[in-house]
1. With both partners inside the chain, how many of the DSSP beta bridges are antiparallel, as a percent to the nearest 5?
2. Using modelled amide H (1.01 Å from N, peptide plane; none on Pro or chain starts), what sits under 5 Å from the amide H of Asn15, excluding residues fewer than 5 places away?
3. Can you tell me the order of 102-109, 426-433 when each peptide is scored by its average per-residue count of other Cβ atoms within 10 angstrom, highest first?
4. Return the lysines within reach of Lys131: Cα separation strictly under 30 angstrom, same-chain partners fewer than 8 residues apart disregarded; answer none if there are no such residues.
5. Starting with the highest mean, order 65-71, 442-448, 30-36 by the number of other Cβ atoms within 10 Å, averaged over the residues of each peptide.
6. To the nearest whole percent, what portion of all C-alpha pairs in the range 340-433 is separated by more than 18 angstrom?
7. Among (1) 88, 56, 48; (2) 78, 74, 53; (3) 74, 60, 46, which is the computed Cα extents along the principal axes in Å?
8. Arrange the peptides 208-219, 269-280 so that the one whose residues have, on average, the most other Cβ atoms within 10 Å appears first.
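Just so you know, all these numbers are worked out from the coordinates, no wet-lab data involved. Here the structure is a predicted model, which is why all the values come from computation and not from measurement. Glycine gets a Cβ as well: all are built from the backbone with ideal geometry, and neighbour counts include every protein chain shown.
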Amino acid sequence: MRAQTSTIRTLLIANRGEIAVRLIRGARDLGIRTVAVYSEADVTARHVRLSDAAQLIGPPEPAASYLSIDAILNAARESGADAIHPGYGFLSENADFARACRDAGITFVGPSPEAIELMGDKIESRRTMQKAGVPIIPGAIDPITDPREARDIAEQVGYPVVIKAAAGGGGRGIRTVEAPDEFERAIAQAQDEARTAFASDAVFVEKLIRPARHIEIQVVGDQLGNLVALGERECSIQRRRQKLVEESPAPGVSPELRLRMEEAALTAAAACDYTSTGTVEFLVWDDQFAFLEMNTRLQVEHPVTELVRGVDLVQDQLRIAGGLPIGYTREQRPIRGWAMECRITAEDPYRDFSPSVGPIAWFREPGGPGVRLDSMLARGVGVSPWYDSLIGKLITWGETRDQCIRRMQRALGEYLILGVSTSVPFHQALLSEQRFLDGDIDTSYLEEHQVLDPADRPKASTRAAIAAAVFFHTQGERAEAERGATTLRNPWAVSARGRRYPVEQGWRRTTG
């Protein structure tokens with residue numbers, strides 16, 4: 001008799017891009033029918049093509065499509081979906097959406113609305129963690145609107161400090177204050193930004209600890225009371241608090257420190273009766289750590305945990321949402337090897353990561369041993385100005401960190417995208433720096449290091465020549481292959497500093 005894999009019959013995916021593709025594949029492996037939703041800007045999107053059915057939900061503006069609770073629930077009713085997966089971003093951590101799904105009798109693939117609300121409130125989550133005995137960063141427990149009170153807290157914990165919007169997210173409403181004479185201006189800016197972004201000027205103040213690392217613990221909880229922690233992910237390579245590279249396990253984390261963080265993460269999850277997959281994020285320095293926040297959703301970097309722990313977190317979510325048990329313990333999923341993820345975005349890293357939009361003229365995806373690519377790219381698909389710039393997640397696995405990095409270097413060299421600028425040169429340069437290779441990283445890494453020099457950016461004429469070279473190379477490669485050629489010429493290469501230049505280099509191919 002075949003084991004039960006899911007009680008969900010039809011899953012509507014309330015998202016787009018590479019995560020929608022990932023969810024379709026995970027659901028299909030469990031025999032679940034999938035329904036995609038799409039805006040008018042995503043008519044030809046890859047997730048629309050791959051799904052069993054698709055529903056148009058509105059114009060390109062996110063507020064009228066992917067952020068419209070009414071539009072998504074209507075699509076679920078019309079398509080006969082009995083469950084909705086929000087992916088990440090958009091409505092994934094919106095308690096009102098989770099509650100609306102519950103009220104409509106549709107399963108929300110994620111935690112309860114109450115858990116989302118609790119952990120989404122920075123003040124309440126800190127209070128909950130403190131009460132549960134999870135270490136927190138020294139600072140305010142209650143929200144503050146009076147700048148004088150905020151200054152008193154700063155003086156108590158000692159400078160430098162961080163001012164954060166109490167209702168914030170995405171790096172908004174945050175200011176670092178190095179000394180007392182900077183405080184008045186910083187809190188005014190933080191409160192103005194918070195008021196605009198979140199309709200609340202409440203903030204809290206906490207001690208700025210540096211150097212420190214950003215490390216998160218993956219947790220999984222089911223509706224039967226089982227909780228499992230699946231180790232850590234190193235997320236310290238960040239730009240403006242946005243993660244760019246993640247890996248698991250984290251360099252330099254001892255088994256003893258890992259176990260302590262896992263136990264703290266399980267305590268945090270239990271404190272909010274957490275179900276589904278989630279991530280407890282910690283600030284780590286020396287052998288100490290403190291709670292930062294809990295993300296009540298699937299993380300962008302979930303594949304690195306999947307590769308080293310032998311799990312499928314999307315399928316875990318789907319089974320748990322259907323009332324089934326997790327089905328394994330932490331001890332049954334030991335760490336195996338090393339995994340790393342590079343977030344490939346449509347941004348120009350030579351121009352302060354400015355967005356790059358438009359049609360994709362041509363692309364070649366990497367492959368080979370130990371390489372996984374979760375991507376939104378397909379023939380005829382472009383990058384829209386309406387949505388996030390993430391094109392795909394390039395993930396590699398190796399038996400050791402060195403092998404994992406070598407595979408990532410190879411995969412980045414194979415990954416060619418023409419038509420928009422991408423973050424690939426940044427990742428190539430980062431993975432050539434000795435400090436990164438040594439695992440000597442913290443959250444200030446990109447503030448202290450200029451990984452790419454803007455002067456190295458190829459000029460438009462050079463980029464056009466390279467694009468032409470690649471195009472004609474691919475045409476020539478096809479013709480030479482038909483003639484049985486065994487040596488092909490690489491039309492470009494990328495140096496350690498990100499410079500592109502044509503080379504005369506033989507590529508060996510075995511025929512037969």
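1. On the way: 66 of 81 bridges.
For the chain, the DSSP antiparallel bridge percentage is about 80.
2. Val37
3. Descending packing order for the listed peptides: 426-433, 102-109.
4. Within reach: Lys122, Lys164, Lys207, Lys243.
5. Sorting 65-71, 442-448, 30-36 by mean packing, highest first, produces 30-36, 65-71, 442-448.
6. 42
7. Correct label, based on the coordinates given: (3).
8. Details: 208-219: 21.2, 269-280: 23.0.
By packing density, highest mean first, the sequence is 269-280, 208-219.
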